[in-house]
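Written out below as structure tokens is the structure these notes cover.
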């Protein structure tokens, strides 16, 4: 009689070692699937180009997922240098919101934002590891660095600058900065910004034109405050709100939207309103909750991360990513002044999709590293044993 020496087969769940956050992956696939439907209904065969951008974003996500974020932290000073170079090139470039590479305009603000979040997270973690606290010179250095980057970005894209600035402040808070230090520095910047905005809004149209892209933001802010659309700067907000109001529980259906055809940047800056007109409130709420769940999962990954660097980086990425989405949706619903913020994984665009993929890839990597570390102590802990 032969003896069966084969090893007993483990249940499927125990044989598959999930190293990435399944929920985040599912939500990313959900958002990109909606993106494909949206772009096809708006631009037809142009969706093929959008699919290439999506594949580029997925490639970035899986590439970064396989790079240990702790080892990548050694290159943080170099990445800061890259961010500085990109900012300078962008400010000198004739392209809108980016630089021209091989005849194509590439948006650099998302790349810069991602690199700054990575650097700040790494810097705070190193200071806490080496000295056990954040000194006043460290606080001032990081705040000045963040303010300079956001100030440069603000000259071309105010909403991106504000989102990055708020994300930086959140990282300061999570990193253990004293509230009175943060409040004092923010108070100074806020006072200067408010005075500058008041002066700018009261300038004549000829003088506003000297501010370039800032002039557009000033005029849109003025419309948002006064609702005076004499110069037409509120057209986009009016159309976006009309597209959302037209739909509700009785959407037009994919490809049957009407107001979307008059919306400028309908597949980028006003993707949510265009989608809402054709898919209705159910899909609109599903998109909103998808981003909120991603933030919740990012917060969970941050809590379980091994070390301060992973904790700060995971929380920073989750907050930054979700904040972009909420600002986009808020603008489309006229809850915020018009800005040029895209909807992550839904709006078309090569650079934004690639950076979104890289950011999610790094978030997944942090979770994977945490799982691997916990399994070393208790190999079955990941399965609840």
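Could you tell me how many of the residues in the stretch 163-193 are at pLDDT below 90 and over 23 Å from residue 133 (Cα atoms)?
7
Farther than 23 Å from residue 344 by Cα and buried (at least 20 other Cβ atoms within 10 Å of the Cβ): which single residue out of 185, 164, 85 fits that description?
On the way: 164 fails: farther than 23 Å from residue 344 by Cα; 85 fails: buried (at least 20 other Cβ atoms within 10 Å of the Cβ).
Answer to the selection: 185.
Out of everything in the stretch 38-61 that is surrounded by fewer than 17 Cβ atoms within 10 Å (Cβ to Cβ) and over 13 Å from residue 353 (Cα atoms), what residue ends up being modelled with the highest pLDDT? Please lay out each step first, then the result.
Narrowing the stretch 38-61 to residues surrounded by fewer than 17 Cβ atoms within 10 Å (Cβ to Cβ): 43-46, 48-49, 51-52, 55-56, 59.
Next, from what is left, pick out any that are over 13 Å from residue 353 (Cα atoms): 43-46, 48.
Working: 43: 72, 44: 70, 45: 70, 46: 75, 48: 88.
Ranking the candidates gives 48 first.
Could you list all residues from the stretch 287-302 that are in contact (Cβ under 8 Å) with a residue 40 or more places away in the chain and within 19 Å of residue 244 (Cβ to Cβ)?
Result: 287, 288, 290, 291.
Condition check ((1) under 22 Å from residue 352 (Cβ atoms); (2) over 24 Å from the mean Cα position of the chain (by Cα)) across all residues:
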{"residue": "221", "(1), (2)": "no, no"}
{"residue": "243", "(1), (2)": "yes, yes"}
{"residue": "253", "(1), (2)": "no, yes"}
{"residue": "257", "(1), (2)": "no, yes"}
{"residue": "272", "(1), (2)": "yes, no"}
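Out of curiosity, is residue 235 touching a residue at least 40 places away in the same chain (Cβ under 8 Å) and within 14 Å of residue 337 (Cα to Cα)? I'd like the intermediate steps shown before the answer.
Details: touching a residue at least 40 places away in the same chain (Cβ under 8 Å): no; within 14 Å of residue 337 (Cα to Cα): yes.
The answer is no for residue 235.
Given the criteria over 30 Å from residue 221 (Cα atoms), at pLDDT 85 or above and touching a helix residue (DSSP H, G or I) at 6+ places or on another chain (Cβ under 9 Å), does residue 109 qualify?
Working: over 30 Å from residue 221 (Cα atoms): no; at pLDDT 85 or above: yes; touching a helix residue (DSSP H, G or I) at 6+ places or on another chain (Cβ under 9 Å): yes.
Considered against the rule, which asks whether it is over 30 Å from residue 221 (Cα atoms), at pLDDT 85 or above and touching a helix residue (DSSP H, G or I) at 6+ places or on another chain (Cβ under 9 Å), residue 109 comes out as no.
Out of 169, 164, 148, 89, which single residue is out of contact with any helix residue (DSSP H, G or I) (no Cβ under 8 Å at 6 or more places or on another chain) and touching a residue at least 12 places away in the same chain (Cβ under 8 Å)? Step through it out loud before you land on a result.
Working: 169 fails: out of contact with any helix residue (DSSP H, G or I) (no Cβ under 8 Å at 6 or more places or on another chain); 164 fails: out of contact with any helix residue (DSSP H, G or I) (no Cβ under 8 Å at 6 or more places or on another chain); 148 fails: touching a residue at least 12 places away in the same chain (Cβ under 8 Å).
The unique qualifying residue is 89.
The values are calculated or read from the model by the stated rules, or taken from the named source; none is laboratory data. Just so it is clear, the model here is predicted, and its values are computed rather than measured. All Cβ positions, even for glycine, are placed from backbone atoms using ideal geometry, and neighbour counts span all protein chains on display.
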